[in-house]
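Below you'll find the structure, written out as C-alpha cells, and then a few comments.
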Amino acid sequence: METPSWRDRLRTEDELLEQLNDQVEQARRRRATALKEGADELGSVYALAKNLSLSWTAVAHAIKKYTTE
C-alpha cells in the first residue's frame, strides 16, 4: 500500500481540523445555553458561578458570547 503524498495528508488533516473546530463551536454554544438555563434557575450568573466554583465573569462571558446570534 502506497503512502499518500504529503499534500494529500495535509489536506486531510486540514479538513479534520475544520470539522473538529465546528464541533467545538457547537459544544460551546450548547454549554452556554445550559449555563444560561442554570443562571435562570438559580436566579443569577453569580449564583450559578458560585455553585459551579467558576468565575462569574467567565460564566457571564460564555453566556454572552455563545448565546447571541
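Quick note: the coordinates plus some simple rules give every number you see, no bench work behind them. Keep in mind the model is a prediction, meaning the values are calculated, not measured. So basically every Cβ, Gly included, is an ideal-geometry build from the backbone, and we count neighbours across all protein chains shown.
Potential lengthening of the chain between Ala27 and Glu2 amounts to 5.3 nm, from the contour at 0.36 nm per residue minus the alpha-carbon distance.
For the chain, the relative contact order works out to 28 percent when only alpha carbon pairs closer than 8 Å and six or more residues apart are counted.
Packing, as the average of other Cβ atoms within 10 Å across residues, places the peptides 34-40, 2-8 in the order 34-40, 2-8, highest first.
The 3J(HN,Hα) values that the Karplus relation (6.51, -1.76, 1.60; θ = phi - 60°) gives for segment 38-45 are, in residue order, x, 5, 4, 5, 8, x, 6, 5 Hz. Gly and Pro appear as x.
Can you tell me the 0 to 90 degree angle between the C-alpha axis of helix 56-67 and the longest principal axis of the chain, rounded to 10? Once rounded, one gets 60 degrees. The listed peptides 51-62, 20-31, ordered by packing as a protection proxy, come out as 51-62, 20-31 (highest mean of other Cβ atoms within 10 Å first). Extending 7 Å from Cα along the Cβ direction at Asp14 and again at Thr68 yields two label points whose distance is 3.3 nm. Farthest towards the positive end of the charge dipole of segment 15-69, among the residues Thr33, Thr57, Thr68, is the Cα of Thr57, using unit charges on the Cβ of Lys, Arg, Asp and Glu. Expressed in units of 2.2 N^0.38 Å, where N is the residue count, the Cα radius of gyration of the chain is 1.70. Sequentially through segment 12-29, phi angles give Karplus couplings (6.51, -1.76, 1.60; θ = phi - 60°) of 4, 5, 5, 5, 4, 4, 5, 4, 5, 4, 4, 5, 5, 4, 5, 5, 5, 5 Hz, Gly and Pro residues having no value and appearing as x. Helical runs assigned H by DSSP (4 residues or longer) give the chain a calculated mean residue ellipticity at 222 nm of -28000 deg cm²/dmol, each run adding -39500 (n - 2.57) before division by the residue total.
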